[in-house]
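Colleague: Once you've had a glance at the structure underneath, I'll fire off some questions.
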Amino acid sequence: MTLKDIAKIVDLSESTVSRALNNNPNIAKKTRELVMKVAKEHNFVINPHARSLATKRSHRIGIIFPNDFYEFNKRDFFSQLEKHFLLNSEKFQYEILIIRAKSLEKTIKSGNVDGLIIVNRDISKDDLEILKKYKVPHTFVAYKPTVLEADVCVFKSDNLDCGYNVAKLLHKEGSCNLLTITSNNENLTDYRDRTTGFYNYLEENDLLRYEVHVHKCGMTFEDGRDLLLNNLDFLKTYDGIYCQQDKVALGILSLIEKYNIKVPQDLKIVGHDNLELIDYFYPKLTTVKENFEVITLEALKYLIDIIEEKEEEKVQSVFESIIIKRETT
């Protein structure tokens, strides 16, 4: 069964059938549905190689992750993004190719991708020059590269709003002495924005009662445990804590019962990232879930419109996160 055969059955031109099979919005919905129905009945499958030859495109999008994206403390975040990129790319009939930053120029020269999504704050100036040199369509997700000074479109969570909303939730649940535990890496703007939002809520609601409402440390499970072991008296002065990484919150929860601190009665805790690990700890952690499904979908739509030279539309690039309330608040 060929494209020509399908065209004869539905009494349409081959070009119309081709566009219908590729879900082109310029083809009427009824026509698209008819073509899809006939194609399915005859087990017709689009030949991606033939389509690539016809369009001079590979129908692949490269996702640039940092070289160390597979390391334990980073894997959870990047694997969530990877999963949603893969799922959403199927809707556009594009393939996803995961690229480590150091292989960028080689990938571009090979012609393996039509465009790039950059999920790497540490991409170099040389890499950005390569993108400019080869005129590769690209956009950014999660991070604005540190070497970029100008404003660019970055598809990401609204971290400022997120920090504000977590403080609001803790206050609503009865906590008045609030603390946020954030990263000690000053270059991580997502943590910095969450902290600013958190502090803004405290300031607006006259909740700045101590010298310290922000504590900085590493963002690992061990850092959470160490924080409790070495700063117990400090933590006891607060009744609501926002840990900007689930692993830190889970580290605290793993030991807290030994010190007769009841959660959520004495201390309410909110994490961030909605890791699967939460299911293995008690009480179940209230946490923030970033809307990666929508972020990746909108980034792909934006990039594919550029690749396919469609008329540019105004895009939303900053998205609200979701607080999942469980047993620690």
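The values are calculated or read from the model by the stated rules, or taken from the named source; none is laboratory data. All figures in this text were calculated on a predicted structure; none of them were measured in a lab. Cβ: placed from backbone, ideal geometry, glycine included. Neighbour counts: every protein chain shown.
Colleague: Which residues, counting only those in region 199-228, are surrounded by fewer than 17 Cβ atoms within 10 Å (Cβ to Cβ), within 20 Å of Gln245 (Cβ to Cβ) and basic (Lys, Arg)?
Modeller: Result: Lys216, single match.
Colleague: Continuing with this model, one more query. Have a look at Val212, Val166 and point out the one that is of a type in the set (Val, Ile, Thr), more than 30 Å from Lys314 (Cβ to Cβ) and either in contact (Cβ under 8 Å) with a residue 12 or more places away in the chain or assigned to a loop (DSSP other than H, G, I, E, B) (or both).
Modeller: Val212
Colleague: Tell me whether region 124-131 contains one or more residues that are within 27 Å of Lys314 (Cβ to Cβ) and modelled with pLDDT of 90 or more.
Modeller: The answer is no, given that none of the residues of region 124-131 is within 27 Å of Lys314 (Cβ to Cβ) and modelled with pLDDT of 90 or more.
Colleague: Looking at (1) within 23 Å of Leu188 (Cα to Cα); (2) assigned to a helix (DSSP H, G or I), find the lone condition where Phe140 falls short.
Modeller: Of everything listed in (1) within 23 Å of Leu188 (Cα to Cα); (2) assigned to a helix (DSSP H, G or I), Phe140 misses just condition (2).
Colleague: Could you say which residue among Arg225, Arg194 is out of contact with any strand residue (DSSP E or B) (no Cβ under 9 Å at 6 or more places or on another chain) and touching a residue at least 24 places away in the same chain (Cβ under 8 Å)?
Modeller: Unique residue meeting the criteria: Arg225.
Colleague: Would you confirm whether any residue within region 284-306 is aliphatic (A, V, I, L, M), in a loop (DSSP other than H, G, I, E, B) and either without any contact (Cβ under 8 Å) to a residue 12 or more places away in the chain or under 24 Å from Gly240 (Cα atoms) (or both)?
Modeller: Yes, that holds for at least one residue.
Colleague: Please tell me if Asn274 is of a type outside the set (Gly, Ala, Ser), without any contact (Cβ under 8 Å) to a residue 12 or more places away in the chain and on the phi > 0 side of the Ramachandran plot.
Modeller: The answer is no for Asn274.
Colleague: Being out of contact with any Cys (no Cβ under 6 Å at 6 or more places or on another chain), part of a strand (DSSP E or B), farther than 25 Å from Leu255 by Cα and at pLDDT 95 or above is the requirement here; does Phe155 meet it?
Modeller: Criteria met by Phe155.
Colleague: Right, another one. Return only the number of the condition from (1) outside any strand (DSSP E or B); (2) under 23 Å from the mean Cα position of the chain (by Cα); (3) of a type in the set (A, V, I, L, M, F, W, C) that Ile181 does not satisfy.
Modeller: Only one criterion is unmet by Ile181, namely (1).
Colleague: Hey, could you check region 76-86 for residues that are more than 13 Å from Asn291 (Cα to Cα) and in contact (Cβ under 8 Å) with a residue 24 or more places away in the chain and say which is surrounded by the most Cβ atoms within 10 Å (Cβ to Cβ)?
Modeller: Checking each candidate, the answer is Phe78.
Colleague: Please go through region 31-57 and pick out each residue that is modelled with pLDDT of 75 or more and small (Gly, Ala, Ser).
Modeller: Result: Ala39, single match.
Colleague: Okay, next question. Given the criteria among the small types (Gly, Ala, Ser) and closer than 27 Å to Lys289 by Cα, does Ala150 qualify?
Modeller: Considered against the rule, which asks whether it is among the small types (Gly, Ala, Ser) and closer than 27 Å to Lys289 by Cα, Ala150 comes out as no.
Colleague: Continuing with this model, one more query. Looking only at residues in region 235-264 that are without any contact (Cβ under 8 Å) to a residue 12 or more places away in the chain and part of a helix (DSSP H, G or I), which one is nearest to Tyr199 (Cα to Cα)?
Modeller: Looking at residues that are without any contact (Cβ under 8 Å) to a residue 12 or more places away in the chain and part of a helix (DSSP H, G or I), I get Glu257.
Colleague: Scan region 180-198 and give yes if some residue there is farther than 28 Å from Leu81 by Cα and in the same structural domain as Leu275 (by TED's automatic domain parsing), otherwise no.
Modeller: Taking every residue of region 180-198 in turn, none turns out to be farther than 28 Å from Leu81 by Cα and in the same structural domain as Leu275 (by TED's automatic domain parsing).
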